[in-house]
Amino acid sequence: MRLEAVELRVVALPLRFPFETSFGREDTKHAVLVAVHADGLVGWGEAPVMSRPLYNEETVQTAWHVLRDFLVPAVLGRELAHPEELRRRWLHVRRHHMAKAGLEAALWDLYAQQQGRSLQDLLGGVRDRVEVGVSLGIEPTVADLVRRVETFVAQGYRRVKVKIRPGWDVEVVRQLRRAFPRLPLQVDANAAYTLEDAAVFEAMDDLDLLMVEQPLGEDDLVDHARLQARLRTSVCLDESVVHPHDARKAIELGSCRVVNVKPARLGGLAAAVQTHDVCASRGVPVWCGGMLETGIGRLANLALASLPNFRLPGDVSASDRYFEEDLIDPPVVLDPDGTVAVPSEVGVAPRVRRDRVERVTVRRELIRPG
Ligand code: OSB
Ligand code: MG
């Protein structure tokens, strides 16, 4: 495929429910959408960046800059046989994984259309439905959080993840556990603690949690190993694993027993599949995380989540958990049994609603070979 043009857009979609984590509150989902044009086809991808560099170092502006000035020029007008060739082209561009993931996803979509195959088939997925959970932010009161959990459990979500931060942790989770004695429950600290706070996690150790996600700093593999050794509950890493080899090192050090695989954080679907494989070969289960993606990013995540070692419910919830109106049609819907269908279409493009994309676009640029 020879890329004739690449269209970049910043979109801003109001979230139905503000999402508060240990690093801040988001009312709007921003993303950079990438549309690649070749042979009369359009492939779509999403870089699900945030407006501030709080989850990782990227923002809407950095993703725009790196895509426009470095990643797109490295592929525009060139012949590419397969999306995996991108990584060789970008060897010299350090990090900026969400920006890379956005363009890579668009190329996977284009490739799927050219091959007439679904993304699931191309990536090696084996299931046509995946189990999903829901990730809930910090609420003003525990009673508010309990009500939120009730509504999502009633819809069929199979597990609930709640955000914690210093001051909103053990007592909140204890009360939740009391209200929902058998609910599969896990917590996500988004790197808000240090090993000196180990007592917080020891206190949660008998609340029967599925896992504690990213309790410590993103560069603290050694301290995570110390913490994991003190807990029965599994530690799951998110922010700390930005490359497949990070997963290998974390497993070898004993830093975690579960890995959250997010294509955006890892720099794309190819790196996500590799991370899945690294974990599978070491007997470590993974699950598919999310970045509040629009349907465009979510469909690709669902295809990924159908690989065999995705053995725990993912943060790939239904469209209506995030938005009044998603950018895809039909939207992602939850079956009352707590599963979501893996897209069977040829790529993402057939479901993209361009009129809606247009309406939420706040910045746009068409880049052609110069
Ligand atoms: O840590 O998993 C996280 C959203 C934004 C940034 C980081 C995280 C999250 C989520 C939301 O937990 C998961 C979802 O997309 O539903
Ligand atoms: Mg997380």
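The values are calculated or read from the model by the stated rules, or taken from the named source; none is laboratory data. The structure displayed is predicted, hence computed values, not measured ones. Positions of Cβ are backbone-derived with ideal geometry, glycine not excepted, and every protein chain shown enters the neighbour counts. Areas reflect the complete protein model, heavy atoms only, side chains present, ligands, DNA and RNA absent. Shrake-Rupley method; radii C 1.70, N 1.55, O 1.52, S 1.80 Å.
Could you check region 301-325 and list, in sequence order, the residues that are within 13 Å of ligand 1 (Cβ to nearest atom), farther than 19 Å from Arg265 by Cα and not hydrophobic (A, V, I, L, M, F, W, C)? Selection gives Ser319, Asp320, Arg321, Tyr322. Residues that are within 14 Å of ligand 1 (Cβ to nearest atom) and free of Cβ contacts under 8 Å to residues at least 60 places away in the same chain within region 236-255 comprise Cys236, Leu237, Asp238, Ser240, Val241, listed in sequence order. Quick one: Asn260 ticks every box in (1) part of a helix (DSSP H, G or I); (2) surrounded by 21 or more Cβ atoms within 10 Å (Cβ to Cβ) except a single one, so which number is it? Here Asn260 clears every test but (1).
Among Ala12, Ala63, Ala35, which is the only one that is aliphatic (A, V, I, L, M) and without any contact (Cβ under 8 Å) to a residue 40 or more places away in the chain? Criteria check complete, one pass: Ala63. List the pairs whose first member sits in region 116-133 and is within 15 Å of Glu345 (Cα to Cα) and of a type outside the set (Val, Ile, Thr), whose second member is modelled with pLDDT under 95 and open to solvent by 20 Å² or more (accessible area, probe 1.4 Å), and whose Cβ atoms are under 8 Å apart, counting only residues at least 6 apart or on separate chains? As it stands, the answer is Gly116/Val346; Arg117/Val346; Ser118/Ser344; Ser118/Glu345; Ser118/Val346; Gln120/Ser344; Asp128/Ser344, since those pairs meet every condition given. Is it the case that some residue within region 267-281 is open to solvent by less than 10 Å² (accessible area, probe 1.4 Å), touching a strand residue (DSSP E or B) at 6+ places or on another chain (Cβ under 7 Å), outside any helix (DSSP H, G or I) and modelled with pLDDT of 95 or more? Scanning region 267-281, I find no residue that is open to solvent by less than 10 Å² (accessible area, probe 1.4 Å), touching a strand residue (DSSP E or B) at 6+ places or on another chain (Cβ under 7 Å), outside any helix (DSSP H, G or I) and modelled with pLDDT of 95 or more, so the answer is no. Total residues in region 17-50 satisfying the condition of being of a type in the set (Val, Ile, Thr) and either buried (at least 24 other Cβ atoms within 10 Å of the Cβ) or assigned to a loop (DSSP other than H, G, I, E, B) (or both): the figure is 4. The set of residues in region 51-60 that are in a loop (DSSP other than H, G, I, E, B) and in contact (Cβ under 8 Å) with a residue 24 or more places away in the chain comprises Ser51, Arg52, Leu54, Tyr55, Asn56, Glu57, Glu58. Regarding region 187-206, can at least one residue be identified that is within 15 Å of ligand 2 (Cβ to nearest atom) and farther than 15 Å from Thr21 by Cα? So far as region 187-206 goes, no, none of its residues is within 15 Å of ligand 2 (Cβ to nearest atom) and farther than 15 Å from Thr21 by Cα.
Screening Val6, Val34, Val10 for residues that are of a type in the set (Val, Ile, Thr), more than 27 Å from Ser317 (Cβ to Cβ) and away from ligand 1 (no atom under 15 Å from the Cβ) leaves exactly one candidate, Val6. Only a single criterion out of (1) within 16 Å of ligand 1 (Cβ to nearest atom); (2) in contact (Cβ under 8 Å) with a residue 60 or more places away in the chain is not satisfied by Arg298, namely (2). Among what's in region 342-370 and is of a type in the set (A, V, I, L, M) and exposed (fewer than 13 other Cβ atoms within 10 Å of the Cβ), pick the residue that is nearest to Leu122 (Cα to Cα). Among them, the one singled out is Leu366.
Residues of region 51-64 that are open to solvent by less than 10 Å² (accessible area, probe 1.4 Å) and within 13 Å of ligand 1 (Cβ to nearest atom): Glu58 alone.
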